[in-house]
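Input: a single structure, listed below in structure tokens.
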Amino acid sequence: VYSTITIASAPRGTGPPVTVGLPQVERVMSIVDAERTPRMFMGDLNLFRIDQWNPRVPCTNADSAGRVSAIGAIEHAGFTDTWKALNSGEGWTGMASRKGCGRPSGSPYKRIDYIYTKGLKATAITRCAKASQSVPYMMNG
């Protein structure tokens, strides 16, 4: 089991945005994928792309090549996104409590937290209670 956090952007007002991209995710994948046993990695990846699991709602930024490429690299390495495997709808976990954002207003509106598996089959994944900024997942396998 591996846990990680990636930095997608600098906090507002602290400088130019820092874009997370392929090099950072490839480094994480080189560590996690070096194991040959079943594995799971999860975390606040600060990555998202517009799709059926993260639909566009008020305050959702447009896709960026760096974020989309990073998610694609994880999936191309053979890791299964457990939310996508077990659910057909949105899996928002981040950015709660922002007035005017989300549906309804103040609800999470970005899917930035993930649980990926390789060689394991998840049987259930659930979002836990709403937190102040992020909504964590819980997985059974």
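The values are calculated or read from the model by the stated rules, or taken from the named source; none is laboratory data. All of these numbers come straight from a predicted model, not from anything done at the bench. Note: ideal-geometry Cβ built from the backbone for every residue, glycine included; neighbour counts use all protein chains shown. For the accessible areas, the whole protein counts, side chains as well, though only heavy atoms, and no ligand, DNA or RNA atoms are used. Shrake-Rupley method; radii C 1.70, N 1.55, O 1.52, S 1.80 Å.
Condition first: within 18 Å of Val1 (Cβ to Cβ), modelled with pLDDT of 85 or more and open to solvent by 30 Å² or more (accessible area, probe 1.4 Å). Can you find one or more residues in region 63-76 that meet it? The answer is no, given that none of the residues of region 63-76 is within 18 Å of Val1 (Cβ to Cβ), modelled with pLDDT of 85 or more and open to solvent by 30 Å² or more (accessible area, probe 1.4 Å). Arg98 meets each of the listed conditions (1) at pLDDT 75 or above; (2) open to solvent by 30 Å² or more (accessible area, probe 1.4 Å); (3) outside any loop (DSSP other than H, G, I, E, B) apart from (3). Beta carbons closer than 9 Å, at least 6 apart along the sequence or on distinct chains, pair a first residue in region 104-132 that is at pLDDT below 75 with a second that is in a strand (DSSP E or B) for Cys128/Tyr137; Cys128/Met138.
If you filter region 13-25 down to residues that are modelled with pLDDT of 70 or more and farther than 15 Å from Ser3 by Cα, you find that the one that is most open to solvent (accessible area, probe 1.4 Å) is Pro23. Here Trp92 does not qualify as open to solvent by 40 Å² or more (accessible area, probe 1.4 Å) and either modelled with pLDDT of 85 or more or closer than 25 Å to Gln24 by Cα (or both). Has region 40-49 got at least one residue that is loosely packed, with under 12 Cβ neighbours inside 10 Å, in a loop (DSSP other than H, G, I, E, B) and under 14 Å from the mean Cα position of the chain (by Cα)? No, region 40-49 contains no residue that is loosely packed, with under 12 Cβ neighbours inside 10 Å, in a loop (DSSP other than H, G, I, E, B) and under 14 Å from the mean Cα position of the chain (by Cα).
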